[in-house]
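Before any comments, here is the structure.
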């Protein structure tokens, strides 16, 4: 299969760089598959899974809020955070989920804090799902 | 006379010695913090560069739309300055240099109003004292940089920009170049300006399709990119602060050591003199008796 250069960068460093056969990202309007020689494309990414295909096999990672930009030389994904499914610390994700749920059940929460807690819950759930629990 | 002088010199040696202990301790604390901050900036840097490149790529591309975020406004009435400096002093010129830069920018355009988002305690104090128009203040921000708080700053900036309250948004911070070199920096965040070095004609060719629409993508991306820029700036500023403090404390310690050395020399000289005098007196007395 034809490959293309994919780069995933987060504030914690370069997460992934290499020749890939395909990548599936969760944009704000739905999943989008990108193959080699894709047209120039840009979209915002929500919290969700990202699947990277190499040697005919998909590897899944949990991604939270980012940008995807495709142009001729490479496909670039910038994300707030990104973790491979098999490297996710399930205990930590579970703890984050519980903490976020506890916070959400607190009725005295302001709108802004509520949004943050919701975002955290979403991220924790996404990580757990990606890890396969 | 000599006796009193000796006593005061001894006291000064002691005082300088205890100052030395403090500066040494601060130097050590700053260098350990610096090590951590430096690692963080190095991790963050590729993201920062990629983001900058991506945005200027988008901005230079041919497009059939204009957003308020990329359109330069005809008249600039008010500007919003996000200023990042430290919470504490004793960091050489770190805090005053960045504030000087802000003042210089303000004086460049005396007719435009200035609003301030102050990050760091020294900044808050300074702008309050000088009666600036402060939109928001975030003391004690940089020692624990949280994405959600950076998002708060970004949101304030976007709201003000969108409502027309301000026409430009700038960020002021100290870029961390190396442990010995830091550069005060002013960057315009909104509306976007394309960085000169990144005039990529290669990727500017062709047309990018935005999903679902350019406006929707921009609406999602802008807050995120502002947030990232702010957190990157904070991380850099924090590293700069620590290295500035370390350097300041290092030279303070050196000065203290030098001072102790010269005071000790002075003290020993006086002591020697005193002993010589005493011997002279005894010998003189003995001679007188015999």
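The values are calculated or read from the model by the stated rules, or taken from the named source; none is laboratory data. A quick note: this is a predicted structure, and the numbers were derived from the prediction, not measured. Glycine gets a Cβ as well: all are built from the backbone with ideal geometry, and neighbour counts include every protein chain shown.
Specify which of the listed residues (B:149, B:162) is away from chain A (no Cβ under 14 Å) and either in contact with a helix residue (DSSP H, G or I) (Cβ under 7 Å, 6 or more places away or on another chain) or at pLDDT below 90 (or both).
B:162
Go through A:16, A:4 for me and flag whichever is surrounded by fewer than 22 Cβ atoms within 10 Å (Cβ to Cβ) and within 13 Å of chain B (Cβ to nearest Cβ).
None of the others qualify; the one that does is A:16.
Right, residue A:64: in contact (Cβ under 8 Å) with a residue 12 or more places away in the chain, buried (at least 20 other Cβ atoms within 10 Å of the Cβ) and either within 14 Å of chain B (Cβ to nearest Cβ) or more than 25 Å from residue B:53 (Cβ to Cβ) (or both) or not?
yes
Select from region B:178-197 the residues that are in contact with a strand residue (DSSP E or B) (Cβ under 8 Å, 6 or more places away or on another chain) and surrounded by 14 or more Cβ atoms within 10 Å (Cβ to Cβ) and write down the one among them that is nearest to residue B:92 (Cα to Cα).
B:182
Specify which of the listed residues (B:136, B:103) is more than 13 Å from residue B:173 (Cα to Cα) and assigned to a strand (DSSP E or B).
Of the residues listed, the single one that is more than 13 Å from residue B:173 (Cα to Cα) and assigned to a strand (DSSP E or B) is B:136.
Limited to region A:74-118, what total is found for residues that are within 14 Å of another protein chain (Cβ to nearest Cβ) and either touching a strand residue (DSSP E or B) at 6+ places or on another chain (Cβ under 8 Å) or under 27 Å from residue A:17 (Cα atoms) (or both)?
Here the count works out to 9.
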